[in-house]
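Below is one structure, written out as structure tokens, with a few remarks after it.
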Amino acid sequence: MHVRTTLFEGELEPEDIKEILMQSAIYCGVPAANTAFKEAAQTVAEYEKSKG
């Protein structure tokens, strides 16, 4: 939900999302980070598709 909102509102770029998730991985653990990257990748793909 947050990834979609920040991308489509134009607040952050996909590279920013990647950096945030990489920093969060230290605190939440690798399994949770892997899930977060998978979920975010789907949203980023939708975003890229909508941009044209």
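Read-outs throughout are calculated quantities, based only on the coordinates presented, and are distinct from any laboratory measurement. Predicted model, so just to flag it, every value in this text is computed and none were measured. Using ideal geometry, Cβ is built from the backbone for each residue, glycine included, and neighbour counts are taken over all protein chains shown.
Taking the Cα centre of the chain as reference, the dipole from Cβ charges on Lys and Arg (+1) and Asp and Glu (-1) amounts to some 220 debye.
Rounded to two decimals, the Cα radius of gyration of the stretch 2-51 over 2.2 N^0.38 Å is 1.11. Sites counted here are GluC sites (Glu not before Pro) in a DSSP loop (not H, G, I, E or B) having no more than 11 other Cβ atoms within 10 Å; the longest part of the chain that contains none of them is 12-52.
Using helices alone, I'd like the mean residue ellipticity at 222 nm for the chain: each DSSP H run of four-plus residues gives -39500 (n - 2.57), total over residue count, nearest 500.
Details: 3 runs with 44 residues, N = 52.
Helix contribution divided over all residues of the chain: -27500 deg cm²/dmol.
Between residue 25 and residue 8, the modelled labels are 2.7 nm apart [label points 7 Å from Cα along Cα→Cβ]. Does anyone have the angle between helix 30-51 and the longest principal axis of the chain? Alpha-carbon axes, 0 to 90°, nearest 10? Roughly 10 degrees, rounded to the nearest 10. Using C-alpha pairs below 8 Å separated by at least 6 residues, the relative contact order for the stretch 2-51 is 45 percent.
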